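Working notes for the structure below.
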Amino acid sequence: MSAAAKSAVTQPGAHLRVVSDGAAGTSGIAISGVSKTYRTRDGDVPSLKPLDFHINDGEFFVVVGPSGCGKSTLLKMISGLLPPSSGEILVDGKQVTEPHGNVGIVFQNALLLPWRTVLANVMLPIDMKRLPRDKYLPRARELLKTVGLAGFENKLPWQLSGGMQQRASICRALVHDPKIMLMDEPFGALDAMTREKMNVELQRIQRETGKTVLLITHSIPEAVFLADRILVMT
Ligand code: ADP
Ligand code: MG
């Protein structure tokens, strides 16, 4: 996607800025009037004011914004891990009410299971979904190769650097071939050089597979490099 095709808008004073020049339809991710207020013992914590936008199928959509503005909250609601306080989220026209199978999620920390090998960690979604292991094992190995982890399949997570663990967690999110990738500051803990390499790798994967990607980042260069469209939260 050329730089000219990218759009990014901020709205001073607003907690959120809505970007919705995507074609509204039943496919993709539709967010309408979605807000979140956490109810805690110390009272209500308003975290996200009502938000409307649409992410098209196959789009690389990036959310940038300062820490605490509700980015992770938004991603958890889209994944179905957290219910919104108001509004509605539709994925391919179907309302999200619980975690759905067609997404891969990458969190800021790799969150690998310490007792499983790298390969077994990547295979976790396959085991949990009871999909045929024989069919997905070659894919898991291929993904590890793609991110430069060939030869590390049988290592345990502590034997890998932070960047390598994060690359394994990206393979885990891709192994069941989800249609949608939700990524919450996935490269935040990586050194600058590894981060640039991962950006290029992620762009290649998205172009080749046509996946819909929602990526959260602090990094404006990363957003500009990767995004078809950028949502700026303030
Ligand atoms: P970001 O990812 O943009 O840094 P978050 O979505 O994590 O922001 O948090 C947005 C706001 O919601 C913050 O003020 C944070 O303190 C609050 N918050 C996040 N999670 C919880 C929670 N489980 N309970 C109460 N407040 C929360
Ligand atoms: Mg966050």
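Per the Debye calculation on the chain with a single equal scatterer at every Cα and no solvent contribution, log₁₀ I(q)/I(0) for q = 0.07, 0.12, 0.14 Å⁻¹ amounts to -0.23, -0.67, -0.91. Pairs from the table (49/94; 49/129; 71/94) lying more than 26 angstrom apart at Cα are 49/129. Annotation: residue 146 carries an accessible surface of approximately 50 Å², with a 1.4 Å probe and no ligand, DNA or RNA atoms counted.
Surface exposure of segment 31-178, expressed per residue as accessible area with a 1.4 Å probe, stands at 49 Å².
Can you work out the FRET efficiency for the pair residue 218 and residue 115, with r the C-beta to C-beta distance and R0 = 35 Å, to the nearest 0.05?
Details: r = 32 Å, r/R0 = 0.92.
It comes out at approximately 0.65.
In the chain, what percentage of the DSSP-assigned beta bridges are antiparallel, given to the nearest 5? Intermediate values should be presented prior to the final figure.
Numbers: 16 of 36 bridges.
Expressed as a percentage, antiparallel bridges in the chain total about 45.
For the chain, adding -39500 (n - 2.57) for each run of n ≥ 4 DSSP H residues and dividing by the number of residues yields -9000 deg cm²/dmol at 222 nm.
Remark on residue 149: its backbone amide H falls under 5 Å from none of the residues 5 or more positions apart or on other chains, H modelled at 1.01 Å from N.
Solvent-accessible surface of protein heavy atoms, probed at 1.4 angstrom with all chains present, puts 38, 136 in the order 38, 136, largest first. Which listed residue (192, 212, 232) has the Cα farthest towards the positive end of the charge dipole for segment 181-234, taking +1 on Lys and Arg C-beta and -1 on Asp and Glu C-beta about the Cα centre? Going by the charge dipole, the pick is 212. Amide H contacts under 5 Å for residue 48: 36, restricted to partners 5 or more places along the chain or on a different chain, H placed in the peptide plane at 1.01 Å from N. Using only side-chain charges placed at the Cβ, +1 for Lys and Arg and -1 for Asp and Glu, the dipole size of segment 63-187 relative to its Cα centre rounds to 360 debye.
When the solvent-accessible area of segment 125-205 is split by element, carbon and sulfur atoms take up 55 percent of it, the probe being 1.4 Å.
Please compute the net charge surrounding residue 123, taking Lys and Arg as +1 and Asp and Glu as -1 over other residues with Cβ under 9 Å from its Cβ.
On the way: positive: 116, 133, 172; negative: 127.
Result for the neighbourhood of residue 123: +2.
The values are calculated or read from the model by the stated rules, or taken from the named source; none is laboratory data. Small disclaimer: the values here were computed from a predicted structure and weren't measured. Quick reminder, even Gly has a Cβ in these numbers, built from the backbone with ideal geometry, and neighbours come from all protein chains shown. The accessibility values were calculated without ligands, DNA or RNA, using every heavy atom of the protein model including side chains. Shrake-Rupley method; radii C 1.70, N 1.55, O 1.52, S 1.80 Å.
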